[in-house]
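None of the figures in this text is laboratory data; all of them are computed from the coordinates on show. This structure is a prediction, so every number in the text was calculated from the model and none was measured. Here the Cβ positions follow ideal geometry from the backbone for every residue, glycine too, while neighbour counts run over all protein chains shown.
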Amino acid sequence: MLIFEHSRTGRNGAPQSPKQKASVDDIPASLLRKNRAVLPEVSEMQAVRHFTRLSQKNFSIDTHFYPLGSCTMKYNPRACNTLAMLPGFLTRHPMAPAQQSQGFLACMYELQSMLCEATGMAAFSLAPMAGAQGEFAGVAMIEAYHKSRGDDARKEILVPNAAHGTNPATATMCGFSVKEIPTLDNGDVDLDALKKAVGPQTAGLMLTNPSTLGVFERQIETIAKVVHQAGGLLYYDGANLNAILGKIRPGDMGFDVIHSNLHKTFSTPHGGGGPGAGAVGVAKRLMPFLPLPVVDKEGENYRWLTEKDLPQTIGRLSAFMGNAGVLLRAYIYMRMLGREGMVRVAEFATLNANYMMAEAKRRGFELAIPDRRASHEFIITLKNEARDLHVTAMDFAKRLLDFGYHAPTTYFPLLVPECLLIEPTETEAKEVLDGFLDAMLQIREEAKTDPDLVKGAPYTLPVKRLDEVRAARQLDLAWKGVEN
Amino acid sequence: MLQAIGVNDISALFEEIPAHLLADELSGVPTGMNEMEISRLMRARAAQHPQSVCFLGAGAYEHHIPAAVWEITTRGEFYSAYTPYQAEASQGTLQLVYEYQSMMTALTGMDVSNASMYDGASALAEAVLMAVRGNRKSKSRKILMPTTVHPAYRKTTQTIVQGQHIELVEVAYDQASGTTSLDALKQQAGEDITAVVIQQPNFFGNLEAVDEITDWAHENNILVIAVVNPLTLAILKAPGDWGVVGVDIACGDGQPLGAPLSAGGPYYGFMCCTDALVRQMPGRIVGRTVDQDGKEGFVLTLQAREQHIRRSKATSNICTNQGLVVTASTIHMSILGARGLERAAAACHANTLSLVKQLSQIEGVSCVFDSTYFHEAVLKLSKPAGEVLAALMDKNILGGYDLSGSYPELGNAMLVCATEMRTDEEISAYANALAEVIA
């Protein structure tokens with residue numbers, strides 16, 4: 001039932017607004033609203049009950065194992081939320097003078113420094129509000145860098161075909177054309193193809209390492225050399241930073257610019273699809289182009305850098321300070337982890353993934369890349385099950401929901417047929433991993449004996465499989481007051 | 001677990017990384033803190049911020065937020081869920097977003113809304129890109145951008161669209177009214193223009209002649225992008241009703257609907273448009289459908305526009321929305337209802353009228369423009385605004401926004417705002433303080 005369907009005319013949370021409606025008679029009638037907007041008319045308690053009940057229809061990390069590959073669904077410590085929502089932070093106006101905001105700015109400055117240290121970059125800007133915006137900032141800086149050197153012919157960005165869809169979409173948004181580089185069966189980039197692809201038109205290469213196939217790119221030094229020798233720059237997509245935190249740093253691998261998804265590696269909440277934060281870091285030669293704002297320290301004082309300090313900046317990405325509250329949560333998480341905790345993150349995330357991979361193999365599942373170490377995630381391909389039993393990766397995913405597990409990422413990366421990309425993260429216990437794999441095994445047994453059972457799943461959730469074709473053809477995107 | 005993997009040591013799991021590249025200890029990161037220690041640190045940092053009385057708006061506004069809003073929003077089921085890719089396990093988030101989309105279309109008078117963008121400024125940038133895709137009659141990629149649009153919104157738009165050969169043409173404002181000059185606009189008639197942006201209320205707080213501008217634009221095959229404050233729409237004309245047929249795209253920042261100031265974010269950008277443009281819309285969209293048994297349910301829809309399907313041909317690279325803040329906003333709108341929002345917005349207007357009346361009686365302080373304003377106004381000062389605001393800050397009053405950086409032609413001028421949170425006593429105290437400071 002929609003919140004609108006609880007409405008009764010005149011009802012609202014009366015104590016939540018001024019007692020009287022003040023006059024607006026001085027505003028010309030032609031500029032005033034004609035009819036009152038149709039919003040819900042419910043009591044506060046009705047709203048609280050409705051939305052509490054809605055929340056209960058969600059899977060979440062707090063309630064379920066959520067091994068969504070490439071998304072790093074780790075536990076979000078509650079302290080990060082409580083402390084980021086202290087009134088001293090919540091009531092701070094974004095344009096309040098820096099002198100009145102030293103506590104907040106100190107956190108942001110130290111966050112920049114810790115990110116530099118953890119990634120081996122020279123400087124960081126916290127401006128981007130999500131990974132995709134971090135990518136945008138990074139690629140825009142690559143463009144600005146070449147332009148500043150009068151190197152205008154570099155119009156192409158190289159992207160491995162295993163990359164996230166945001167990589168090519170970002171390159172296009174920044175005005176580049178995109179060339180895809182093939183990936184070998186063992187998960188590494190096809191070096192010969194890369195060597196043929198680079199040239200005076202190459203602006204840069206965007207790479208995720210470990211890749212979306214869940215393996216570490218072993219030829220990274222050669223790749224860096226090939227791209228750099230051609231005059232291009234190397235972009236690090238930080239989506240999988242969790243796998244290597246404190247173990248190996250993108251800066252040491254030769255990357256010139258990176259973005260870090262703070263909502264993945266640094267555990268800020270995913271919030272049902274955002275807000276994220278996509279802080280962007282650079283090697284020294286790209287520092288002049290960083291997006292604003294950046295926090296600097298002079299003596300004991302913190303302040304914002306402006307266009308005067310960074311005249312070559314690519315500019316602003318938001319009206320104020322990006323997703324400041326998200327940045328605070330990441331800061332708190334990093335301080336709690338500390339340097340010793342960061343290494344443990346990578347080690348335990350990798351341990352959990354490799355354990356699951358070994359145990360999946362033991363249970364007879366086919367691995368997409370069987371002869372490699374997993375990073376923090378690995379891929380099962382269900383192509384045999386699909387061929388022999390006519391039960392697809394999607395069917396497995398939906399049936400897993402009945403067992404109380406959120407499905408892994410399905411059908412990504414696009415290179416692997418009928419795949420499940422599984423990322424357990426470091427915060428899950430062995431029993432949970434075993435339980436998930438047992439459920440997978442049981443589903444395969446079901447697929448052999450009663451495939452329709454699997455194909456009809458889920459059964460235990462608020463709805464069964466939904467008609468997506470109808471959703472796209474008979475668009476119903478807003479309640480319009482009249483029920484069908 | 002190591003045994004199952006077949007290794008003796010956890011370091012063996014990293015053997016594919018070239019050994020000489022392995023990092024030393026991260027000496028620049030402090031050692032870890034327990035929850036007691038981090039709590040002490042963060043409380044001390046938060047306490048460094050003086051609790052001042054806020055008369056500053058300029059795109060972020062202090063409003064009352066019911067206690068229930070963030071209590072429910074931070075429930076783990078909302079807080080720690082991800083993008084609703086598995087629809088059956090995400091009906092809570094999906095239904096909520098559908099309800100949000102319904103509320104935003106009701107407020108803006110538009111046909112459809114997406115599930116939100118990052119913030120108001122980046123939503124405007126995306127609206128510009130969308131207009132370029134959507135206006136098939138125009139080839140120029142020229143956008144008319146009045147200088148009465150928020151300066152940071154203009155800068156953000158410039159950053160985001162600069163790679164795509166789009167020209168943002170500034171349109172001057174009328175010196176007397178502080179609104180977009182219709183004469184300056186009409187000089188563009190006959191040119192090939194893709195879209196015009198109108199902010200209502202504009203950055204100065206003034207009310208633009210939205211009907212005239214919308215109709216003029218449409219007569220010239222120009223798409224209209226409205227940037228609006230959603231709270232003011234409880235009182236002001238909905239963009240869908242501007243002019244004869246309404247605007248094409250309405251966007252803005254959702255912060256006034258339930259997001260705390262929070263040092264600048266997270267807020268969210270909203271974006272609404274006409275049915276004709278829905279396939280050009282960036283970002284996630286939720287649709288209502290049915291399940292196998294015919295029962296109502298909700299899914300992400302029109303995903304063929306998005307980066308994870310279309311890659312380099314997507315409408316935008318955006319993947320996230322600002323889901324958690326949208327959750328708060330949807331609860332906020334449900335509790336206040338249209339009547340509650342109307343009262344809050346009217347109180348903002350009345351308080352600002354009262355503030356401006358008292359402040360402009362002070363010698364050395366005067367109103368700059370003669371237009372009707374909503375809940376912000378520009379005041380001219382006999383001393384530099386920076387000095388005056390610093391002196392007010394010493395009295396714990398956040399007095400407004402110094403306009404000298406973005407609008408040097410206004411001289412010593414500041415932008416002030418009084419929301420429904422300000423009491424009569426606070427407004428009088430501000431007047432007394434300003435009288436002292438300016439004397």
Cα gyration tensor shape for the stretch A:42-177, rounded if a/c is under 1.5, else prolate or oblate: oblate
Debye log10 I(q)/I(0) for the stretch B:67-331, one point scatterer per Cα, at q = 0.08 Å⁻¹: -0.31
Calculated log₁₀ intensity ratio I(q)/I(0) where the Debye formula runs over C-alpha points of the stretch A:235-372, q = 0.14 Å⁻¹: -0.82
Amide H contacts under 5 Å for A:Trp479, placed H, 5+ residues apart: B:Ser102
Computed over the stretch A:104-209: relative contact order in percent, which uses C-alpha pairs under 8 Å that are six or more apart: 26 percent
Inter-centroid distance (Cα atoms) of the stretch A:185-248 relative to the stretch B:407-439, Å: 55 Å
Beta bridge orientation in the stretch B:92-237: antiparallel %, DSSP, nearest 5: 5 percent
Space enclosed by the convex hull of the alpha-carbon atoms of the stretch A:3-55, per residue, Å³: 106 Å³
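Under the definition of partner shielding as Cβ atoms of other protein chains within 10 Å of a residue Cβ, what is the mean value for peptide A:383-390?
The mean count of partner-chain Cβ atoms within 10 Å per residue comes to 0.
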Distance between the stretch B:213-255 and the stretch A:399-475 - C-alpha centres, whole angstrom: 44 Å
Average projected area [Cα convex hull, the stretch A:345-469], square nanometres: 8.1 nm²
Fraction of beta bridges assigned by DSSP in the stretch B:67-331 that are antiparallel (%, nearest 5): 45 percent
Relative packing of B:91-100, A:341-350, which averages over residues the other C-beta atoms within 10 Å, highest first: B:91-100, A:341-350
Sites B:Ala4 and A:Tyr459, calculated FRET efficiency, Cβ-Cβ separation with R0 25 Å, nearest 0.05: 0.20
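Per-residue ellipticity at 222 nm for the protein assembly as shown, helices alone: DSSP H runs ≥ 4 residues times -39500 (n - 2.57), over residue total, nearest 500 deg cm²/dmol?
-11000 deg cm²/dmol
From Cα pairs below 8 angstrom and at least 6 apart in sequence, can you work out the relative contact order of chain B, rounded to a whole percent?
20 percent
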Selected from B:Tyr98, B:Ala67, B:Gly28, residue furthest toward positive end of dipole (the stretch B:1-110; charges at beta carbon): B:Ala67
Out-of-range pairs (alpha-carbon distance over 29 Å; input B:Lys155/B:Lys186; A:Lys74/A:Lys308; A:Lys74/A:Lys284; A:Lys195/A:Lys361): A:Lys74/A:Lys308; A:Lys74/A:Lys284; A:Lys195/A:Lys361
Peptide A:76-88, shielding by other chains (average Cβ, 10 Å cutoff): 5
Chain lengthening between A:Leu191 and A:Ser30 when straightened (0.36 nm per residue, less Cα-Cα): 51.4 nm
Average beta carbon contacts from partner chains per residue of B:369-376, 10 Å cutoff: 1
Label-to-label distance, nm, for residues given as B:Gln175 and B:Asp215 (7 Å Cα→Cβ offset): 2.9 nm
Three principal axis lengths of the protein assembly as shown [C-alpha, angstrom, descending]: 83, 62, 61
Cα point-scatterer Debye curve for the stretch A:79-337, base-10 log of I(q)/I(0) at q = 0.09, 0.11, 0.13 Å⁻¹: -0.38, -0.57, -0.78
Gap separating the Cα centres of the stretch B:12-91 and the stretch A:24-48, nearest whole Å: 34 Å
Shape call, chain A: gyration tensor on alpha carbons, a/c limit 1.5: oblate
Two-site FRET efficiency, A:Met1 against B:Lys313, from Cβ-Cβ distance with R₀ of 30 Å, rounded to 0.05: 0.20
GNM result for chain B, Cα springs below 10 Å: residue of B:His49, B:His64, B:His375 fluctuating most strongly: B:His49
Packing-based order for B:256-266, A:407-417, using average beta carbon neighbours within 10 Å, highest first: B:256-266, A:407-417
Max mean-square fluctuation residue, GNM over chain B, Cα-Cα springs under 10 Å, options B:Leu21, B:Leu277, B:Leu341: B:Leu21
Loop-located GluC sites (Glu not before Pro) in the stretch B:334-439, at most 16 other Cβ atoms within 10 Å (DSSP): B:Glu363
³J(HN,Hα) computed for each position of the stretch B:14-26 - Karplus, 6.51 cos²θ - 1.76 cosθ + 1.60, integer Hz, glycine/proline x: 10, 5, 7, 7, x, 4, 6, 8, 4, 7, 6, 4, 6
Relative contact order, percent, the stretch A:345-469 [alpha-carbon distance under 8 Å, six or more residues apart]: 29 percent
Beta bridges by DSSP in the protein assembly as shown, antiparallel share as percent, to the nearest 5: 60 percent
